[in-house]
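The values are calculated or read from the model by the stated rules, or taken from the named source; none is laboratory data. As the structure is a computational prediction, the values presented were derived from the model and not from experiment. Note that we place each Cβ from the backbone using ideal geometry, even for glycine, and neighbour counts take in every protein chain shown. Side chains are part of the model used for accessible areas, which takes the heavy atoms of the whole protein and leaves out ligands, DNA and RNA. Shrake-Rupley method; radii C 1.70, N 1.55, O 1.52, S 1.80 Å.
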Amino acid sequence: MRSWGYKPGLPGTGSMTCNGISSMAAAAEVLGENGPDGAPRQALARGLSWMGRHFSVHANAGLGGQGWLLYYLDSVERVGRLTKEPLIGEHDWYREGAELLLDTQDKLSGSWKGQGHVEDDPHVGTSFARLFLAKGGKEKKRPDRP
């Protein structure tokens, strides 16, 4: 499996693949090398490889457009935090995501608003954005920082 979709049979998306990677990272940490045939670590590696090829902070891969973008960024943060990887593929996911969020923040209210579903509500959009910013910069070294 290279990516995860929302349901079996649906194509993989960035957000669902990030959530699959996070689950595999947690399983691999608990199981260590004792997992069945190294399955969690293999799935983790394949998922990270897929994300590296499809990574963008501008769109949730596989969905086209910007649907579920803020949820996706929150999922990207979780991947970086749980894997302790400063890069996804060749991308500094935190720097790129933080720059996008700062550029798209409503300057008057300080909030964020996504497109579609619950992200239209600035309370929900802001929650996803703040989780990314608050948790994403912790517990790992950035390539450009000591």
**OP:** For the chain, give the magnitude of the charge dipole about the Cα centre (Cβ charges: +1 Lys/Arg, -1 Asp/Glu; no others), in debye to the nearest 20.
**Re:** 260
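If you keep only loop residues by DSSP, which GluC sites (Glu not before Pro) in the stretch 87-135 have at most 16 other Cβ atoms within 10 Å of their Cβ?
Numbers: sites: Glu90, Glu96, Glu99, Glu119; in loops: Glu90.
Loop-located and lightly packed - Glu90.
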Original post:
If Phe128, Phe55 are ordered by their accessible area, calculated over protein heavy atoms with a 1.4 Å probe, which sequence runs from highest to lowest?
Top reply: Phe128, Phe55
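About the Cα centre of the stretch 38-102, what is the dipole size in debye to 20, counting +1 per Lys and Arg Cβ and -1 per Asp and Glu Cβ, all else neutral? Walk me through the numbers on the way to the answer.
Details: 7 positive and 7 negative charges, 67 e Å.
So the magnitude is around 320 debye.
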**OP:** Among Ser109, Val30, His54, pick out the residue whose Cα is farthest towards the positive end of the charge dipole of the chain, where Lys and Arg carry +1 and Asp and Glu carry -1 on C-beta, about the Cα centre.
**Re:** Val30
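Just the accessible area per residue of the chain, please: how many Å² with a 1.4 Å probe?
On the way: 8260 Å² over 146 residues.
On a per-residue basis, 57 Å².
Work out the P(r) tail for the chain: percent of alpha carbon pairs separated by more than 22 Å, whole number. All intermediate terms of the calculation are to be shown ahead of the outcome.
Values: 4062 of 10585 pairs.
Here the tail beyond 22 Å accounts for 38 percent of pairs.
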**OP:** Determine the distance separating the Cα centre of the stretch 1-23 from the Cα centre of the stretch 101-118; give it in Å without decimals.
**Re:** 25
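For the stretch 36-136, which whole-number percentage of the solvent-accessible area (1.4 Å probe, protein heavy atoms only) is attributable to carbon and sulfur atoms?
Working: 2930 of 5250 Å².
It is 56 percent, rounded to a whole number.
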